[in-house]
Each structure stands twice: as C-alpha cells, then as structure tokens.
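Working notes for the structure below.
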Amino acid sequence: MIKMRWVALLAALTLVVAACGGDDDTTDTPETTAAPDTTQGTQAPATTEAVTPTQSMDYTFHMVTHSDDGVFWSVVKRGAQDAADALGVEMVWSPSSNDPEKQVQDVQAAVASGSDGIGVSLANPEALGPEVEAAIAAGIPVITLNSGSNQFKELGAITHVGQTEVVAGNGAGERFNALGAGKVLCAQQEQGNIGLEERCQGLEETFNGEVVTQFVGLDSEPEAQINTIAAALQADADIDGVLGVGPNVAVRAVEAGNQAGRDLFIGGFDISGDLISAIDAGNVHFTVDQQQYLQGYLTVVFLFLNATNLNTVGGGLPVLTGPGFVTTDNVGEVAALVEAGTR
Amino acid sequence: MSTETPTVPAVQADERLAYRGPIQRLLTRPEIGGLIGAGSIWIFFWSVSDVFGTTAGINNYLDVATSLGIMAIAVALLMIGGEFDLSSGAMTGATGMLVVLLVKDTGELGGLGLPLTVAIPITFLFAMGVGWINGTLVEKTGLPSFIVTLGTFFVLRGAKLGFSKLFVDKVIVEGLDDAPDYDFWVNIFGAVWIRNDHLWDSFLGGRDLVFGVLAAIGATAIVVGFMELSLVRRTEAGSMPSVRSAFALLIGLVAGFGGLIYLTQTDGVADNWTGALVMAVGAILAIYGYSSWRFEPFSGSSGGVSMGGQNGRRALIGIGLIVVGTLLGVVMDSSNTDVLGLLLTVQGLRAILFGGCVIVGVLILLGAAQRSDTSPVNRFVLTALAGLSVAGVGFVIQAEAASRKYRAEFFAWMMAAAVLLVTIAIVRISFDQRRHADEPADRFGTLVSISGIVVFLMAIATKLLWATSIELVESRAIITYRISILYFFVFAGVATWILMRTKFGSWTFAVGGNKGASRQVGVPAARTKTQLFMVVSGASWLVGTLIAFRLNSVQANVGDGQEFFYIIAAVVGGNLLTGGYGSAAGAAIGALIMAMSFQGIPFAGWNSDWRFLFVGVILLLAVMVNNYVRGRAEKST
Amino acid sequence: MSEPALLEIEGISKFYGNIIALRDITTSVRAGEVTCVLGDNGAGKSTFIKILAGAHKQSEGRLFVEGEEVSFDSPRDALALGIATVYQDLAVVPLMSVWRNFFLGAEPTKWGPLKVIDREKAASIAKEELAKMGIDIRDTEQSVGTLSGGERQSVAIARAAYFGAKVLILDEPTSALGVKQSGVVLRYIVEARNRGLGVIFITHNPHHAYPVGDRFMILNRGQSLGDYAKAELTQPELTQLMAGGADLEALQHELSKAIGG
C-alpha cells in the first residue's frame, strides 16, 4: 500500500509539473493540476493525495502510425486490439497511409484528447519529432513502434518496439550470402521511407556482392511493380537476387523474374498469404519476419504498464521483435498462424 | 458531295482566311503534341538503354500502359464532357475485389462461391451503378464533380477495407482461381500469348527484310499521299508520264528498294554507306519522277539566294551548331563512363551535347527555311542543307558507333530523314504549292497516306511480334503479350470512333464545351454526362477484373491514388482540363508516355529517386506543347 | 388582317411573388416581319423571352400561335411549335466545328442503332444553309471559335431557320458586337425575314432596331410603352421613347449646361 502511495504521488507530481489537465476520466485531478497558478506547484502533493490511477481502469491509448491498413499493418492493429481487449482498455487506431502531415495531426489530436499513452511509428522522424516531444512535454508517455529505433531515445520516448531495420537488413544480407547470390536488387515499394532505406543499407553492410537499390512502384499499382522489377532485371544481366523490402514486392519479383526469364534468389520482408504460398512453392527463398503482432501488442502492454505501474521497458534500448526468418523449413507452421491473422 | 450547289455568292472569300489543307488540319489535332512527346521520349530512352527499344522493353511498358491507358481513355471522355471522376482509381480495386469476394467459398460472406459467369455480370452491374450514382449526384446537386466523386472515392476506399476485413479478416482477398468456371473465363480476361513460341526464321526471307520492305512501302505511300495533298495536279493528270519522268521513276524505284534491301542484309561500314547512298539517290529520283509526271511545275518567281539578313545569320548559327556538335561527338572520349554530376556520365554528356547541338542546329535551319517564304530558292537551299547535315551526322554516328543499334538501325532512320528533307526541298522548289481545295486530289491523297500509315504500322508490328532465333538467344526474356493489351487497343479505337463519328461523341464535346448552349438545342446534357460517368466506371470494372485475373488476388488499396495518373495521362495526351476538347487516342498516347517515362528509368539503370522529377518535367512540357497546338488550332484558319 | 399572326401575345403578365416583372404586354409577330422589343436593363426583356421560349409560364394573359391558343410547359414545347430562341451567350459551342454546331442535338445519323453521324450529309447541308443566309464558310470543319462574333450568331440563326423555326427569338444578338459585326447580324435578320420567318428581335439599341424592324414594342419597368408599326414612328421618336421620353430631354439639358458651363 505504501508503494502505491508513492506511485500516486509521483504520478501527480509529473502531472503538475507538466501542467496538463487533460484526462476527463480521472475526475479528481483537474481541479488543482489545471489551475493556471503555478506558484501552487509545491503544494500539489498534498492536494493530490486522493488521486490514485487505479481508481479508474478506463485508459485510452492512441496508436498513431503511418499504416496503410495493408497486409502488414492489419496484423499490428490486431495485436494492439488483442492487447487492449485483454487489458480492458481503449485503443484508438489512427492510420495515416504514409502521410506525415496527417500523422502529425493525429498526434496533436491524441494529445488534445488527453491520451494516456501514445504509440507512434516514426516513418518520418523530421516531421513527427517535434510532435512527439510536445506530447512528452505534455506528460503523455510515448513509445515508438515499427520505425524510429534511432530517434526514440533523443526524443524521450520510453522505448521502441520493433526491429531495427538495419539489423533486419543485415540478416537478409547474410541469407543472400548463404544462398550464393552475386548482385541483389533491393526493391522498395515506397519512396522516402527511412525504414525501407535502412533495410537496404543493412543488406549492403553484410552482403558480399553488389546491391542496387530502386523504388519499383507502390503496392497500389501491382502491375507497375512487376514491370519495373522486370525492367531493372533486363537492364542489368548481373542481378541474380531480389530483396523485396515489403511482402508484396517479393511476390511481384517472382513474376518479374519469370517475365525476364531469370532464375533469381528472392527474399522478402514481412508476411502475407501470397508470400507464404510463394515460399511454400519454393519461388521465394525466405522472408524477414519482424513479428509485427508483437509491435502492436507490446506497445499497448508497455503503455499500460507505464500508466499503471510507471514501468519503463528496455532500459534505453529498443525492444526487438525481429528479425525472425520464415523459410521453406518452417513455412508450414507459420502459415497456420498467418491464416489466423496474428503473424 | 452535294450535287445541287446553291447560288453561293461567287467565292466572296474572306481575305483573312488562308487555305488550310488536310495536312495543316492534321497538325492541329490534339494528339499531335502527345505523338511528338512519345516519339522524343522513346528515342531518348532507346539511346540510353540497350533493352528499352527491344521487344522485351516495349512489351514491358505496354503492359504498364494498358491499365493506365484503358482508364485514361475513359477519364478523357469524361473530361471532354467537362467532369472529373476521382473515384475511378479506387473503383478498379473495388470491382477486382468484389469479383474475388463473390467467387470465394470461404469467409463470412457465407461461402457464396458463385461461378464467375454470375460474379462477373454482378460486378459489372455494380460498376454501372456506381457510375450512375456519380453522374446522378453531380447532375441533381449541381455540385462540382470534383467534390462528389471525392466523396465516392472515400466511400469506396473505406468499403474495400471494411468489407475485406469483415469477410476474410484480411486486407487482401485471394483465390480467384477457386471459381468452378475459372478455366473458361481466364481465356477472356487472363489469356497470354507467348511470342517466343512463334519462330519463322526464314519465312519470306526473314523478319528484317519483311520489316524493311513494308516500312519502305508504307513510307513511300505516305510521301505520295502528302504530295497529292499539298501540290497542284497537272491538268492532264491522267495522261501517261513523259519519258524523262518515267525513266526517273523506274530507276529510282529499283535503286531505292535495292539499296534498302542491301542495307538491311549487311552490317559492314562500307556496305552500309553504299546501301544508304544508293537508297537515298533512288528515293529522290523516284519522287522527282513521280511528281514531275503528276504535278504542275513551279510557276512563281524564284528570287535569288540571299544569305544576308536575319535568315542568313540563322542559317550560319544552325550550321555552326551542327559542326560543333559533330566535332564534340568525335573528339570526346566515348569509352569514359565516369560519373560527372547527379546523373550524368562523360558518355552521357557527350551524347547530350552531340544530340542537342545537332538537333537544335537542324531545327534552326528548318526554321530559317520556313521563314524565307519570299525566296523559294533560299528555302530550297536551307532545307536541303538541313537534310545533308542529317545525312552527314548519320555517317559520323555510323562510323563512330560501337553497337549495331546505332550502326544499322539508327543510321537507316537518319538516312531516311535526310532523304525526306532533301526531297521536300526539291519538291517545294520544283512544283507549285496547292492553295485551294481539290476534292479528287484530297480524297486520293488521304486514301494513299492512310494506307501508307497502316502499312507502316504493320511493319512495326512485324518487328515486334516476330522473334528471330538470334534475338531469343540474346535475351532470355519470355515475351508474353497479355490479352489486356488487346483490350487497350480496341478500347482506344472504339472510343476514338465514338467521339468522332457518333451522336454521343458529338454530345460529349458539346456538354463539355458549352453545357447551356447544348441543352438549349435539345442535347440531353444530364443523360450524356451520366453515361460518361458510367463509361468510366465500366472501364474501372474492366481494369479491376483484368488485375484480379492477373494477380489472382486483390489488395484493398489497389488503385487508390491512381486517378491522378489517369487524369495526368489524359492531359498529357492533349485533353483540356476545362472540357470540350481532346481525344481518346490522345489519352492512350498520354498513358504510353507516362508508362515509358516510369519504366525508362529502371531500363536506363538510373536512380529511381528522380522518377517524379522526370514525370513533372514531362507533364509541364506536354501541357505547354498542347497549349501551343491548341492555340494554333483555334487561330489557324 | 387576313391570316392570323404567327405569334400573338395578349395581355401577358408575370409576377414573382409580389414583384411585378411584366404587366399586360400585348404585341404580335407576322410571317416575314420583324418585331423589335426594346428596353433598357431591367425593363423585363429577359422575363419576356423566357415566357415566349417556354422556360417560364406567364401569370396572366394568353399566347396564340397561328391563331390557336397555346401553353408552353418547357422549351421543348415551344420548339415543337416552331418557336426557336437564340440566346446571346448560349448560341454555340466554340470549340466544336461549324457543322457539328449546326446539327447539334439533331444530328443526321446512319447505321441505325449505332447512331453514327452522317458527316458528309451534315457538312454539305450546313454549308448550303449557311450559304443561303449569305455566309460563306469555306470549311465547315473549322471550329466556331474561329468565327467572328457576328458569324457565330448567324450560324445559330441559320440553324434555327433550317430546323423549321417559324418564329425566331433573338436575345440581344448585337449587344456584344462591334459596329461592323452588328451590321452582319442585322443583315442576317433581314435575310431570315425575307425567307418568311417571323422574328422577335430583342435589343436595347434603337439604332439597330429601327432599320430592320416592322413593329416596335417598348418595355419600361415591366410595362409596355406602346406597340407601334414602323409607319407610326420615326427613329428619333423611337430613341426618345426608349430612353424614357422627358427624362432624356432633362438629361440632355443638364449635360449641355455642364459642358457649356
């Protein structure tokens, strides 16, 4: 019980220092904390004696991501939702479809609505950095997920849940070495996404041969993706491997290889039903799985633990969810989980 | 032709109206800007990439152009009718997804497992319904279609995601081939034709010979047709040619075709030169023979050669540029591939300097020729100079080039261009320009030039569809033509025909050009516009179905955001954003331009980061060219 | 007075709520005659046209076409009875060719249900009909936008005449044109009259109206200032009526004082 008191005191203190009176649900706090008179700050502990976070389990966490609600992100969302259901809290999912401006606005909206914790994917750290700092300054705990392993610390986020993209790329590079590829095309499905760039950088770091990096068209234009990969292959006869840094690109690479009449080593990133069948059929050799279900699930759990118990996970280091690999050896077991929508 | 000519006040001609022949009229078609653009982009990427100009390359960007093009044509029709449809992109994904959802026998949709024979018509009706709703909303509310269809766009986008999550709990629906009658329908929407299966190496003397002969016949017909359209017929046009004309014609034809065949069959430097020269002389002789038989000789006063004044200066600058460019091309190290700046290698810089100087020089010369209307001799000299320069540069390239692409193909084209220019020069000084309509000559000329264009297109098709065993060894690519390409071409043709020839086409132009006026004279404006919206959603249905059959699965975001590329393609192809003007064929060309610019970048091995910069520049150029062409269309009378 | 007038307007009024747009207007147009309706801005000219064209319904009064009382529910009804209206800004589609404009909405087609336009027929008829009006269009393929303003109005007039209009209502056809172009249009009005059409020529310019008109009806603030035959009126009188009579005299007086002073 004494422990809980301390927690309550600390929580109240942070709230006061941050001068934020956001949460409508914790009805007792606003009276004092929202008061503009800052000279009363020192008296705050006494007045907030009554406040205990456990009074209300009615937490709301915001997941502000650059999600396009595609194959990958729907699993993250599923993880976050499952965690929220298990913990009995509210989870608000704000996808921005790779639009940094919308994401900025979503963070602002979350802050304005007095969120109890924000999970944010830093696909575009330049745009989102100030907003994340503002949220933290407003006393809202933030965890970055998926993208942002390099920035979360300086921004003051609790931790980062995801795989560091470079490490994942490194893993892919080693796989290609083992397969015996000579020159690999790193095919990107988005332009200017730092995570995808890092995957290709990671590939370059460990891969013994040469790497060509190219944007091959968005996922919303599948035919263009096939033909652009084929064009790159035809333009350079030395390319004998393709790393699709997303699940769809890897599947498109199979058809592009057929079209260009080339035998390729193909690796992918993340998981989709098509990709699993392609691995099963032996057309794709491996995929780097960042187990994104964990990114949604753990973020919500960590935010919850921070809100209720002030736990900070990670100790200043990111919590890695990957890379795991799906190859022909384990594709069968994974396929069942994919069907269930959790891998 | 009307037989009963009313008492027209004896050609009380407005002196401001100059004669505007079929050729001038052709040059003001909305597609012209797009065609020039497509040609330039093709040549550009052809010269920087080894694969771009091959069948594998062409097949690649044709495939990309197909979906884009089918949509761009429909969107162009709607734009001509004065409206936009921002839901068209999302609609492709929606219809594709719907057809897969309907045939799936799992998921919450309750194992509907419909056969495709039922699912495809249902999807089509759905598409028609969405088009009808779009059109009716726009007409009933009077709101801008931009807003209304933006609403539909979001509705569709949300529905795609929501329903796919609801029914299959995933954002991608897979398994179109589960349908019981898939094997039948795949022939209609997913058929492929593999070119590599069709080898006729020595049929009719080989592909290149057939191509060369067809191309030459086509080109000859085009030249004859254009001469008939622009020169004055002799009064005794039906009579036999004089001995001199007949002799020139005969010798010219034999020499021309002989040279051509020789050129296509050999690859040595000396052989090429000989072949080209024989062909050039033959062609010029033949054309001279033909025209001295058919047309009135030049009757005006010629005026002397005067190289002074502004035109003289222009000519000097042009020649200077050509010489400088050629020297640069010869002197700069062609084997140096060091990277100089962002994109350029030394080699690339050389190509750009060389090409740029020569092209600009020739254009300046031709411009100077065009301006010297008062002195036909000047015009002759300048045009001929331009032609000879092209020939000279061709020989330089031929001697310098390391690859067969430049040595044989490019050289042949440059020789053809040179011959054409010199012929124009000779014909224009030797024969009278026609300045009035001449019904039989116009009809004959149009017929001949159109057949020429058809034969020429056949030649190109020959080259594309006919694989030689050497090519198959060289490229490992399996060239598969999808049935969607057929749909693209057919749709482009049908849409063009509808626009130009039918009542509906006329009304489309009218409701986009001046809705009030067309309503006033009884055009059902609302119905026409609604039908146009339905054309767009129908095209979305076709594209969505084609994608579903190709990928066997459709992701919820397929097509989202593509609507802007459809509009861009239509605009690049000469369609006016404000409506009332444009062409369906132009939109198809616009789609081809977009596809070539997107696909050219990986073919050239460039950094894809520059992709949108490139597209932006093309868009700006296209819009400016179109503006210029349209300006001329409205002014020139 | 042997045969009935083509179009007779008897005591027409139009109220919009409690606003009286037109009150008790009576005039007529006969075959081969031009009736000019003159009025300044806001005199009720456009309401008048809309009633005749069938776009609005009169509140009071009756319309007779060739002696029969009629009632228009839509512009289509008016058109069917041979009353064609050419609006100043809605005459033509500028980016379309002359023959397409000429036949717009009533294209001659062939090949049955395919509704393919018979281009040659359309082009030659357009050329012929325009020639009958004295307009020489060398090339009916050229877009109407390339024609002068007067010629554009004329194309619309010729079109209406060809499609069987008996009465032609022209809304300010000369107002946006220069002196010379106005002359062109006036000539075509006369041409149409000579071909036996009845023309209602709406304008605010008495100098344009007087030379071509056979009857004059002057509108002022929704009321008729009289319906005169040409014989009853001189041009200066018309000008004066049009400008509101005494008002103009006062204005002239004032002006001369200002200039002289």
Going through (1) within 14 Å of chain B (Cβ to nearest Cβ); (2) of a type in the set (A, V, I, L, M); (3) open to solvent by 50 Å² or more (accessible area, probe 1.4 Å) one by one, C:V179 fails only at (1)
Can you say whether B:L613 is within 14 Å of chain A (Cβ to nearest Cβ), open to solvent by 10 Å² or more (accessible area, probe 1.4 Å), farther than 24 Å from A:N248 by Cα and within 21 Å of the chain's Cα centre (by Cα), as far as the supplied structure shows?
no
If we keep only residues of region A:266-276 that are small (G, A, S) and in contact (Cβ under 8 Å) with a residue 40 or more places away in the chain, then the residue farthest from the other protein chains (Cβ to nearest Cβ) is A:G267
Restricting attention to region B:431-442, does a residue exist that is aromatic (F, W, Y) and either in a helix (DSSP H, G or I) or open to solvent by 30 Å² or more (accessible area, probe 1.4 Å) (or both)?
no
Of the numbered conditions (1) open to solvent by 10 Å² or more (accessible area, probe 1.4 Å); (2) more than 8 Å from every other protein chain (Cβ to nearest Cβ), B:V572 fails exactly one; give the number of that condition.
(1)
Every pair of residues 6+ apart whose Cβ atoms lie under 6 Å, when the first sits in region C:163-186 and is in contact (Cβ under 8 Å) with a residue 60 or more places away in the chain and within 17 Å of C:N205 (Cβ to Cβ) while the second is open to solvent by less than 40 Å² (accessible area, probe 1.4 Å) and part of a loop (DSSP other than H, G, I, E, B)
C:D171/C:Y87
Looking only at region B:494-537, how many residues end up being more than 7 Å from chain C (Cβ to nearest Cβ) and touching a helix residue (DSSP H, G or I) at 6+ places or on another chain (Cβ under 6 Å)?
22
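Results for (1) among the acidic types (D, E); (2) within 30 Å of B:S299 (Cβ to Cβ); (3) without any contact (Cβ under 8 Å) to a residue 60 or more places away in the chain, shown as yes or no for each residue.
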site: B:A437; (1), (2), (3): no, yes, no
site: B:F444; (1), (2), (3): no, yes, no
site: B:G452; (1), (2), (3): no, yes, no
site: B:A459; (1), (2), (3): no, no, no
site: B:K463; (1), (2), (3): no, no, no
site: B:A467; (1), (2), (3): no, no, no
site: B:I470; (1), (2), (3): no, no, yes
Counting residues that are open to solvent by 10 Å² or more (accessible area, probe 1.4 Å) and of a type in the set (A, V, I, L, M), which strands (runs of 3 or more DSSP E) fully inside region A:231-343 reach at least 3?
none
Within region B:444-537, considering only helices (runs of 4 or more DSSP H) that don't extend past its boundaries, which have at least 2 residues that are modelled with pLDDT of 90 or more?
B:483-501, B:503-513
What do you reckon, is B:G600 more than 12 Å from chain A (Cβ to nearest Cβ) and open to solvent by less than 10 Å² (accessible area, probe 1.4 Å)?
no
Of the residues in region A:222-244 that are closer than 11 Å to B:D63 by Cα and at the interface with chain B (Cβ under 7 Å from one of its Cβ atoms), the one that is farthest from the chain's Cα centre (by Cα) is A:N227
Subset of region B:477-493 that is surrounded by fewer than 21 Cβ atoms within 10 Å (Cβ to Cβ) and closer than 16 Å to B:G57 by Cβ - its residue that is nearest to the other protein chains (Cβ to nearest Cβ):
B:I478
Residue list for region A:83-103, restricted to those being over 21 Å from B:D560 (Cα atoms) and more than 16 Å from the chain's Cα centre (by Cα):
A:A84, A:D85, A:A86, A:L87, A:G88, A:V89, A:E90
B:A159, sole failed condition from (1) in contact (Cβ under 8 Å) with a residue 60 or more places away in the chain; (2) open to solvent by 80 Å² or more (accessible area, probe 1.4 Å)
(2)
The residue that is farthest from B:T266 (Cα to Cα), considering only those in region B:383-402 that are surrounded by fewer than 18 Cβ atoms within 10 Å (Cβ to Cβ) and not aliphatic (A, V, I, L, M), is B:G392
What do you reckon, is A:N98 part of a loop (DSSP other than H, G, I, E, B), in the same structural domain as A:T299 (by TED's automatic domain parsing), open to solvent by 40 Å² or more (accessible area, probe 1.4 Å) and within 27 Å of B:D169 (Cα to Cα)?
yes
Quick one: which strands (runs of 3 or more DSSP E) lie wholly within region A:115-211 and hold at least 1 residues that are polar (S, T, N, Q), within 21 Å of A:N306 (Cβ to Cβ) and open to solvent by less than 20 Å² (accessible area, probe 1.4 Å)?
A:142-145
I'd like the full set of residues that are away from chain B (no Cβ under 14 Å) and buried (at least 20 other Cβ atoms within 10 Å of the Cβ), limited to region C:53-80.
C:Q58, C:L63, C:F72
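The values are calculated or read from the model by the stated rules, or taken from the named source; none is laboratory data. The shown structure was predicted, so the numbers you read here are calculated from the model rather than taken from an experiment. Heads up, the Cβs are rebuilt from the backbone with ideal geometry, glycines too, and the neighbour counts pull from every protein chain shown. We work out accessible area using only protein heavy atoms, side chains counted, and drop any ligands, DNA or RNA first. Shrake-Rupley method; radii C 1.70, N 1.55, O 1.52, S 1.80 Å.
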